[in-house]
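The values are calculated or read from the model by the stated rules, or taken from the named source; none is laboratory data. Here the structure is a predicted model, which is why all the values come from computation and not from measurement. Every residue, glycine among them, receives a Cβ derived from its backbone with ideal geometry; neighbour counts consider all protein chains shown. These accessible areas exclude ligands, DNA and RNA; they are computed on the full protein's heavy atoms, side chains included. Shrake-Rupley method; radii C 1.70, N 1.55, O 1.52, S 1.80 Å.
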Amino acid sequence: MTPSLRTHRSADRARRIVSRRELLTSVGGAAAFSTLTHRFDEQAVDGTPIHVRVYPGPVALRAWVRYGFDGIRDDWPPPFRDARSAIEDAFDQILAYAHERSRLEGLEARIDRGTLVRFPFSATPRSSEALFPSLETVLEVFDDRLRERNALTGSTCHLLLCWAPFNYRLGYGGTLSPNALVGNDTEGTTGDAGTVANLGATEFWDSRAVTRNMAIHETLHTFISSSVAETVGGSGCDHSLGTAVRTDDDTMRVSPMATAYAGPDEIGGGTRWHGRGCGNHDDFHHHDGYEGVDNWSYTTSLSEATLEAVTRTLEQLVDRTH
């Protein structure tokens, strides 16, 4: 149990009996959940095609020390705040692109804060799932907590910011079907999407620039359908909508959707860890090749292919909701 777990523990929580699915944690931080008294602003509201709600997860004490306890009163350390701001900027780019082309006129983006999603620390089972919860488990329990909070709207992307730098099963984060696309109305879905960004991993192993890009990356997954990705980029893999551009002989600049996928599939190939999803460099919107590249930089500027793909997906969503 890390110091951060002890500081948040209470006698009431220690007496609770919880199920295995409620028990999630990881070495160096927690990526898990408990039922909380929620704020009014987390109740389900009339949806909009661009609605993202960002939820902080618990942060390890040593991380709070690293950031000088900045943001501890409201559970929003600097990396979480920067991630949310990067998402806001991404949607500003998307709407500017669309409006310049007389598309999605009048549409606005709503990016708001959810409250802390915590976890009852006292009853942690001795299992690998408790120490290193998989992406599937994190998303499943996150969905349970959203339902308990009555936070589902039918058209919202719910993004959980985790602090789990050593959880190799979670990786940098992700989302999974059938709740991977906002507005998906297939049987058994609500239309909401759930996704996770492991900012503990990006901050510990990489940089703030990667933190920003991966927050955008995991959010935009829920606003790009595979059919649109195929139409725009020639591949159903939305990572291929990203770019990896040489700025000089040994430096590569990577856009959000290509982050964690632009380099070789090896430790330290761009980001410290390579993504485990789809990604063929020959299919990228632009990829200059990584031979001889020693320096990697990350830009929050979205590629034109990403801008077009999100715009088309949103147009489809607007058509279905009006």
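Results, tabulated for the structure shown:
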{"read-out": "Per-peptide average of other Cβ atoms within 10 Å, ordering 189-199, 272-282 highest first", "value": "189-199, 272-282"}
{"read-out": "Whole-Hz couplings from phi, Karplus 6.51/-1.76/1.60, listed for region 135-145; x for Gly and Pro", "value": "4, 4, 5, 4, 5, 5, 6, 4, 4, 4, 5"}
{"read-out": "Solvent exposure of region 269-322 as accessible area per residue, Å², 1.4 Å probe", "value": "55"}
{"read-out": "Overall form of region 194-322 per C-alpha gyration tensor (a/c, 1.5; a/b vs b/c)", "value": "prolate"}
{"read-out": "Environment charge at Arg312 (Cβ cut-off 14 Å; Lys +1, Arg +1, Asp -1, Glu -1)", "value": "-3"}
{"read-out": "Sequence ranges 61-68, 166-173, 303-310, ranked by mean other-Cβ count within 10 angstrom, highest first", "value": "303-310, 166-173, 61-68"}
{"read-out": "Relative packing of peptides 261-268, 204-211 - highest average C-beta neighbours within 10 Å first", "value": "204-211, 261-268"}
